[in-house]
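To keep things clear, I will list the structure first and then write my remarks on it.
The values are calculated or read from the model by the stated rules, or taken from the named source; none is laboratory data. Computed from a predicted structure; not experimentally measured. Neighbour counts are summed over all protein chains in view; Cβ atoms, including those assigned to glycine, are modelled from backbone coordinates with ideal geometry.
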Amino acid sequence: MTAHGTGEKISAVDLTEIRRAVDSELEEFLRRKLRAAAGHRLPPEAPETLHRFLFAGGKRLRPLLCVVGWHAAAKAGDRMHPGVCRAAAALEMFHAFALVHDDIMDRSDTRRGQPTVHRALAARHGGGRDRADRAHLGVSAAILVGDLALCWSDELLHTAGLPAERLLAVLPVIDSMRSEVMYGQYLDLLASGKPAGDLETPLEVIRYKTAKYTVERPLHVGAVLADADPRVLAACTDFAMPLGEAFQLRDDLLGVFGDSARTGKSHLDDLREGKHTVLLALAVQRADSRQREALDALVGDPGLTDDDARSIREILVATGARDRVEEMIRTRRDHARRVLDHAPFSADAVAALRGIADSATRRVA
């Protein structure tokens, strides 16, 4: 199977080769955008900024799941259309858009161990401006760079050379994915602030912002490109939803307890923003009066210090909230793995999905 425009071969379900093929699609596309910008005397830093952002790291989880979704649904003897890797790359470009805007909303300083796009652009163009103007310029420029990534994700998909009937079939899945993650982000934004014991709200955010966006829809995109039957799509959902929830629960733990040098993000951001996570909701439910008073005083404080964060982490451990989230991760991961025992997927796809389930929920810090 040949990746569009790269000449690379993908044998069986080799996740390393899939990742390399997707990266090649992104490299080639952004090189063309850089040449086009130069030819029209447009600022080259837009494609350059996206290139730095995309290649600073990232798991490429959504593109991987897209291509594995194709393998899960493919019939024996099917050959993967070269446009599938380009469609997978479109998902990663869309994700770049979502992360750039997400970092603005979260007021994050770092992503993948580097300054976030709005911080980097503020530093690049902020000379001679006061702090507020510099910050506003960085945010405004980053919004536009994110908008370009959104537009270019469409362009990647529509220039993939997919058969017309497959493109027509996959567009509603892409539309649903985009709407779902926007609603999830909206719910997340409105729920942030002071800690609360409501568990349903953060679980709903997880379903839309992560489980459907990160796992279910990428699998559906690939499966639909292979002309999947309804049984395959249903099994994709049965696997994806518990795994996506486990993935986000792990991410929430790492956001508070993780090593910033390994996660690439500050362990203060979620606490300063007052993210309404399952982890914090459980702590609020189980806290005594003294612990609740401390959570109310510290969570959501934009001036939160490392010492303050240490105090919060101690409460999360003492109330058993951390252990309970670990248990929820294990339960959901095991559920997803059991779905694979009976899923109507190819053996290669099942093996790849088992590996993804383990790596996506693994404790790394």
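Points worth noting:
- Cβ pairs under 9 Å, 6+ apart, first in region 98-119 and at positive phi, second acidic (D, E) and in a helix (DSSP H, G or I): R107/D269; R107/E273
- Conditions (1) surrounded by fewer than 21 Cβ atoms within 10 Å (Cβ to Cβ); (2) touching a residue at least 12 places away in the same chain (Cβ under 8 Å); (3) closer than 20 Å to P302 by Cβ; number of the one not met by D130: (2)
For (1) surrounded by fewer than 23 Cβ atoms within 10 Å (Cβ to Cβ); (2) modelled with pLDDT under 95; (3) farther than 16 Å from R166 by Cβ, each residue gets a yes or a no:
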{"position": "A196", "(1), (2), (3)": "yes, yes, yes"}
{"position": "T201", "(1), (2), (3)": "yes, yes, yes"}
{"position": "I206", "(1), (2), (3)": "no, no, yes"}
{"position": "G222", "(1), (2), (3)": "no, no, no"}
{"position": "A226", "(1), (2), (3)": "yes, no, no"}
{"position": "L233", "(1), (2), (3)": "yes, no, no"}
{"position": "T237", "(1), (2), (3)": "yes, no, yes"}
{"position": "Q248", "(1), (2), (3)": "no, no, yes"}
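- Remark: pairs (first residue in region 295-311, without any contact (Cβ under 8 Å) to a residue 24 or more places away in the chain and farther than 17 Å from L254 by Cβ; second residue surrounded by 12 or more Cβ atoms within 10 Å (Cβ to Cβ) and of a type in the set (G, A, S); Cβ separation under 8 Å; 6+ apart in sequence or on different chains) = S311/A294.
- Contact map, region 321-333: residues that are surrounded by fewer than 19 Cβ atoms within 10 Å (Cβ to Cβ) paired with residues that are in a helix (DSSP H, G or I) and of a type in the set (S, T, Y), Cβ distance under 9 Å, separation 6+ or inter-chain. Pairs shown: R330/T361.
- Failed criterion for S140 (all others in (1) among the small types (G, A, S); (2) over 29 Å from C85 (Cβ atoms); (3) at pLDDT below 95 hold): (3)
- Residue check for V139: touching a helix residue (DSSP H, G or I) at 6+ places or on another chain (Cβ under 6 Å), without any contact (Cβ under 8 Å) to a residue 40 or more places away in the chain, β-branched (V, I, T) and not in a loop (DSSP other than H, G, I, E, B): yes
- Reported count of residues in region 337-365, each being out of contact with any Lys or Arg (no Cβ under 9 Å at 6 or more places or on another chain) and in a helix (DSSP H, G or I), is 12.
- Screening M182 with (1) over 22 Å from R60 (Cα atoms); (2) free of Cβ contacts under 8 Å to residues at least 12 places away in the same chain gives one miss only, at (1).
- Contacts under 7 angstrom Cβ, first residue in region 29-52 being modelled with pLDDT of 95 or more, partner polar (S, T, N, Q), 6 or more apart: none
- Residue in region 151-168 that is more than 20 Å from E25 (Cα to Cα) and either among the acidic types (D, E) or buried (at least 16 other Cβ atoms within 10 Å of the Cβ) (or both) present: yes
- Pairs where the first residue, in region 337-365, is within 17 Å of F247 (Cβ to Cβ) and modelled with pLDDT of 95 or more and the second is basic (K, R) and buried (at least 19 other Cβ atoms within 10 Å of the Cβ), C-beta under 7 Å, 6+ apart: A357/R333
- Taking the criterion of being over 12 Å from P218 (Cβ atoms) and modelled with pLDDT of 95 or more, the only residue of region 56-71 that qualifies is H71.
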